[in-house]
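Scroll down for the structure; my scribbles are underneath it.
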Amino acid sequence: MDRISELPHEILGSILSLLPLKEAVATSVLSKHLRYAWAWSTLTLDFDPEETLIDFIYHSRTLQNKKSHRYVNWVNRVVEQHSGPNIKLFRACFDLDRRFTSSIDKWIEFALKKRVQVLVLDFVKEYGVNKDSYMFPRKLLGLEEGFASRHCVGLKSLKVLSFNFVDVTGEILEHLLSVCPFLERLSVSFAEKLVNLRVVGSSIALKYLKLDECMDLRRVEISDTNLVSFIHTGTAIDLRLSNVPSLVEVAISSQNNDIARLCASTAFMRLAFTQLSCCLYQLETLMINTQEAEYNKDYTFPILPNLKHLELTVEGDYKLSLSQLSFFMKASPYLQRLVLKVYSLL
């Protein structure tokens, strides 16, 4: 007897919602009653690829294109069949670019219509090459003349937003922050068109901001917000912080190449003790790249009275590595955890 089909509607939906997407869809073959059950019960649409990027890059370009199209077709089918009113998470992760703009735009529209809470677009590229990256559609936000945003309701549900190899401008991100009242986590990686970003105003709910390898990023201004964590990886930027009373975690690191190390050596003191001056005394976690950073032995480090976690990236064969560590130790009397990441060219 088909005992599963006899389960109450609510219980059946709860069971299916706990399954990974592919397994939930696979239950449709068990009985007629389950044929479309996944479509109204699945709240997590995580389109996890079957293979890693390492496996993918060893295929021929022709096969890569076929796999990319196959992935897009799979997502399109699920999006078309999903009939539930809401979803909690939508994650697309594959090597995709502007060729698939039409489909990706529809995925975002679909997710916002379903009042998505977590939206992740992870279009990872081979060897980190940012070429012909997908551009987040300004029209969905009502930023293009002639287009009225129909997705305001969906934007109000967003709590987490993550872009990897998605081109976004400061204008787009700032608009998202202004129209997403519950957006607490924003992560942007390899955004080629991101140059300046302002995170300003007490009405912004953002608690976590990560900017990773956005090579053209020049200036970030954060003020009058309740931001708790700020992470930046890349070359030195003009970082301006003011009135950030909740900021207790900061991470600043550079790429491991000659140009980035040169930036670290000349800009480290400014980044660590000038640009962060307004929050040094409240920091609890500091992660920073000190490779070849230049120090004046007569310079007095400011005391970091609340620092509990310190993570330093140091040059493995640099003669002043231990000296710079001692400076930090003396400046952090209540340090509880120390992490050293040793980098060496050898």
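The values are calculated or read from the model by the stated rules, or taken from the named source; none is laboratory data. Because the structure is a prediction, the values reported are computed rather than measured. Quick reminder, even Gly has a Cβ in these numbers, built from the backbone with ideal geometry, and neighbours come from all protein chains shown.
Condition check: closer than 24 Å to residue 51 by Cα, in contact with a strand residue (DSSP E or B) (Cβ under 9 Å, 6 or more places away or on another chain), modelled with pLDDT of 90 or more and assigned to a helix (DSSP H, G or I). Does residue 163 satisfy that? Here the answer is no, as residue 163 does not meet what is asked. Going through the range 80-110 one residue at a time, which ones are buried (at least 19 other Cβ atoms within 10 Å of the Cβ) and among the aliphatic types (A, V, I, L, M)? Listed by number, the residues that qualify are 87, 92, 96, 104, 108. The set of residues from the range 82-101 being over 10 Å from residue 134 (Cα atoms) and of a type in the set (S, T, N, Q) comprises 83, 86.
Tell me yes or no: at least one residue of the range 87-102 is in a loop (DSSP other than H, G, I, E, B), touching a Pro at 6+ places or on another chain (Cβ under 6 Å) and farther than 23 Å from residue 139 by Cα.
yes
Could we say that residue 167 is surrounded by fewer than 18 Cβ atoms within 10 Å (Cβ to Cβ) and either touching a His at 6+ places or on another chain (Cβ under 7 Å) or of a type in the set (D, E, K, R) (or both) here?
Details: surrounded by fewer than 18 Cβ atoms within 10 Å (Cβ to Cβ): no; either touching a His at 6+ places or on another chain (Cβ under 7 Å) or of a type in the set (D, E, K, R) (or both): yes.
So residue 167 fails the test.
Please enumerate the residues belonging to the range 216-232 that are touching an Asp or Glu at 6+ places or on another chain (Cβ under 7 Å) and closer than 18 Å to residue 193 by Cβ. Selection gives 216, 218, 219. The set of residues from the range 194-208 being polar (S, T, N, Q), more than 23 Å from residue 281 (Cα to Cα) and outside any strand (DSSP E or B) comprises just one member, 203. Scanning the range 181-210 for residues that are of a type in the set (Asp, Glu) and under 21 Å from residue 248 (Cβ atoms) turns up just one, 184. Considered as a group, the residues in the range 171-192 that are of a type in the set (A, V, I, L, M, F, W, C) and over 15 Å from residue 139 (Cα atoms) include one that is surrounded by the fewest Cβ atoms within 10 Å (Cβ to Cβ), and that residue is 182. Counting only strands (runs of 3 or more DSSP E) wholly contained in the range 209-250, no element carries 3 or more residues that are β-branched (Val, Ile, Thr). Would a scan of the range 35-52 turn up a residue that is at positive phi and either modelled with pLDDT under 75 or surrounded by 14 or more Cβ atoms within 10 Å (Cβ to Cβ) (or both)? The answer is no; no qualifying residue exists.
Could you list all residues from the range 316-337 that are charged (D, E, K, R) and either within 21 Å of residue 231 (Cα to Cα) or modelled with pLDDT of 80 or more (or both)? The answer is 330, 337. In the range 80-98, which residues are under 23 Å from the mean Cα position of the chain (by Cα) and over 18 Å from residue 161 (Cβ atoms)? Within the range 80-98, 94, 95, 97, 98 qualify.
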